[in-house]
Amino acid sequence: MGRLKYYQPEYECMDYEQLKELQGKRLAETFRHVYENVEYYRKRCEEAGVTPDDIKGLEDLDKIPFTCKDDLRATYPYGLFAVPKEKVVRIHASSGTTGKQIVVGYTKEDLDIWDDCAARQLVAVGADENDIVQVAYGYGLFTGGFGLHGGATKLGCQVIPISSGNTQRQITFMKDLRSTVLACTPSYAAYLGEALHDMGLTPDDICLKAGIFGAEPWTEEMRRDIEKSLGIKAYDIYGLTEVLGPGVSYECAEQKGMHVNEDHFIVETIDPETGKRLPEGSKGELVFTAITKRAFPLMRFRTKDIGVLTREKCACGRTFVRMTKPMGRTDDMLIIRGVNVFPSQIEGVLLQNGYQANYQIIVGRENNTDTFEIKVEMVPEKFSDVVSEIEKEEKKLQNALLNILQVKAKVTLVAPKTIARSEGKAKRVIDTRKLHD
Ligand code: DLL
């Protein structure tokens, strides 16, 4: 166990009454900031008849209109930014429901907040400045790599910014540089566990003690497998591009749900049908409000992730509310090899390339890696019985899809009218992975 118990105990272990007061004050300030600087959102508030004078504290939260992913699409790229461009020092992005990415921004101070949130997670899993953190999340527009990198640097750890992929090198560095903490997606962690074994090594040959795994659903069974194959304790971390990136919530040594960084984010669960707030302990859609960020503070952002919140006392001493692992989604977003994919993105590419919307997405898991195939019906204009011609078309489509989805799919062209038509909702996705307990 590391030297530190908490990174910022004055917040992480805050008295609940004081926390509510702090949240209320920050909510009022941030709502005013957004109202005054984001025209798109101000209009929504005007329609709802809400002004900054109406938002005085936490008790006024319900009056605030929701924000959702479609709002990010409608205002692409800068329409929801609440500071002038020269204050923005970083951009991240993730998939939207169509070909357009959703883009978010951070000021210097926002990055500082993010580093704190990620550093809290590292301390909660037992890390301190003596640790060597191998960051095997992707670096780039995806928030995983930079998020953990920033937290680990702030804590004073030695960071190995290896990014994802190149599995043999991961193991070699893990062993030779003596990494003690691994940060990556759980499916990649499971794969690294296998690779370790395949290279003739055992957990005794490496120094890893903890892993910080998130960005996609994973089960308790997977946790046990990873813990065994790498000889570590495996912790969950949750976050999303729109709200922050990794570190919105984090697991502690108890491994009983993720503490939400409540001094920076207000979390609610709502009924996805009615939008009504649900009492603690009920399963509902998670909604987050950013109350300290300045460049891109979303108000009541609907995540479409389903979860449950609890304020039951945690043995770790932190008082922040805990959320369960996301138990599913209210939309059709898939997470394939850690990348968010919407069927509507696939449909868009097919239509643009002269195909019709007759397709099927088949997702599975082999050797802890997601398999991803898209079957697409041939259209008469492209029909050919020459195998090499078909293969050429498949390759073309595969590249067009990769360009938009950022994850490789196997594309198989099938004869016209061979994909079953449905009279109701088309069953476009066959997902045989076990993602939830
Ligand atoms: O996945 C941020 C992240 C990076 C989180 C690294 C944790 C670690 P997005 O790409 O925007 O951001 O995807 C966000 O991923 O709405 C959830 O559906 C899902 N997700 C994130 N963390 C978890 C988790 C990053 N621990 C979407 N368990 C979210 C299950 C998760 N699903």
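The values are calculated or read from the model by the stated rules, or taken from the named source; none is laboratory data. All of these numbers come straight from a predicted model, not from anything done at the bench. Don't worry about glycine lacking a Cβ; one is built from the backbone with ideal geometry, like all the others, and counts go over all protein chains shown.
Residue by residue, here is whether (1) touching a residue at least 60 places away in the same chain (Cβ under 8 Å); (2) within 30 Å of Thr153 (Cα to Cα); (3) within 26 Å of the chain's Cα centre (by Cα); (4) within 16 Å of the ligand (Cβ to nearest atom) holds:
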position	(1), (2), (3), (4)
Arg44	no, no, no, no
Ala48	no, no, no, no
Ser94	yes, yes, yes, yes
Gly105	yes, yes, yes, yes
Glu109	yes, yes, yes, no
Reported set for segment 126-167 where residues are in a helix (DSSP H, G or I) and without any contact (Cβ under 8 Å) to a residue 60 or more places away in the chain is Gly145, His149, Gly150, Ala152, Thr153, Lys154, Thr167
Q. Do we have Lys276 as within 19 Å of Gly245 (Cβ to Cβ) and of a type outside the set (A, V, I, L, M, F, W, C) here?
A. no
message: Any residue that is under 30 Å from Thr180 (Cα atoms), within 19 Å of the chain's Cα centre (by Cα), of a type in the set (D, E, K, R) and not assigned by TED's automatic domain parsing to the domain that holds Val349 - is there at least one of those in segment 67-81?
response: no
Residue set Gln168, Gln158; condition at pLDDT 95 or above, more than 25 Å from Gly2 (Cβ to Cβ) and of a type outside the set (D, E, K, R); output residue Gln168
Log entry, pairs with first residue in segment 14-41 being over 23 Å from Ala295 (Cα atoms), second being part of a helix (DSSP H, G or I), beta carbons closer than 8 Å, six or more apart or on different chains, reads Met14/Leu22; Lys20/Leu58
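Condition check ((1) surrounded by 14 or more Cβ atoms within 10 Å (Cβ to Cβ); (2) closer than 30 Å to Ala190 by Cβ) across all residues:
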residue: Val341; (1), (2): yes, yes
residue: Glu347; (1), (2): yes, no
residue: Ile361; (1), (2): yes, yes
residue: Gly364; (1), (2): no, yes
residue: Pro380; (1), (2): no, no
residue: Phe383; (1), (2): no, no
residue: Val386; (1), (2): no, no
residue: Glu389; (1), (2): no, no
residue: Lys410; (1), (2): no, yes
Wholly inside segment 321-437, strands (runs of 3 or more DSSP E) that include 2 or more residues that are over 30 Å from Val260 (Cβ atoms) and in contact with a helix residue (DSSP H, G or I) (Cβ under 9 Å, 6 or more places away or on another chain) are 359-366, 369-377, 410-414
When restricted to Gln101, Gln134, the only residue within 19 Å of Pro246 (Cα to Cα), at pLDDT below 95 and not β-branched (Val, Ile, Thr) is Gln101
Restricting attention to segment 115-155, the residues that are within 16 Å of Thr185 (Cβ to Cβ), more than 11 Å from the ligand (Cβ to nearest atom) and of a type in the set (Ser, Thr, Tyr) number exactly 1
Of the residues in segment 325-354, those that are hydrophobic (A, V, I, L, M, F, W, C) and away from the ligand (no atom under 16 Å from the Cβ) number 4
Practice problem: Would you be able to say whether some residue in segment 117-125 is modelled with pLDDT of 95 or more, assigned by TED's automatic domain parsing to the domain that holds Lys304 and in a loop (DSSP other than H, G, I, E, B)? | Solution: yes
- Look at Pro297 and say whether it is buried (at least 23 other Cβ atoms within 10 Å of the Cβ), more than 14 Å from the ligand (Cβ to nearest atom) and of a type outside the set (Phe, Trp, Tyr). yes
Check your understanding: When you look at Gly245, is it small (Gly, Ala, Ser), crowded, with 21+ Cβ neighbours inside 10 Å, closer than 30 Å to Val103 by Cβ and within 24 Å of the chain's Cα centre (by Cα), yes or no?
Key -> yes
Arg302 meets each of (1) in a loop (DSSP other than H, G, I, E, B); (2) in contact with a strand residue (DSSP E or B) (Cβ under 8 Å, 6 or more places away or on another chain) with one exception, condition (1)
Restricting attention to segment 172-205, the residues that are more than 27 Å from His259 (Cβ to Cβ) and either crowded, with 21+ Cβ neighbours inside 10 Å or within 13 Å of the ligand (Cβ to nearest atom) (or both) number exactly 2
Over segment 54-66, the set of residues surrounded by 13 or more Cβ atoms within 10 Å (Cβ to Cβ) and in a helix (DSSP H, G or I) is Asp54, Leu58, Asp60, Leu61, Lys63
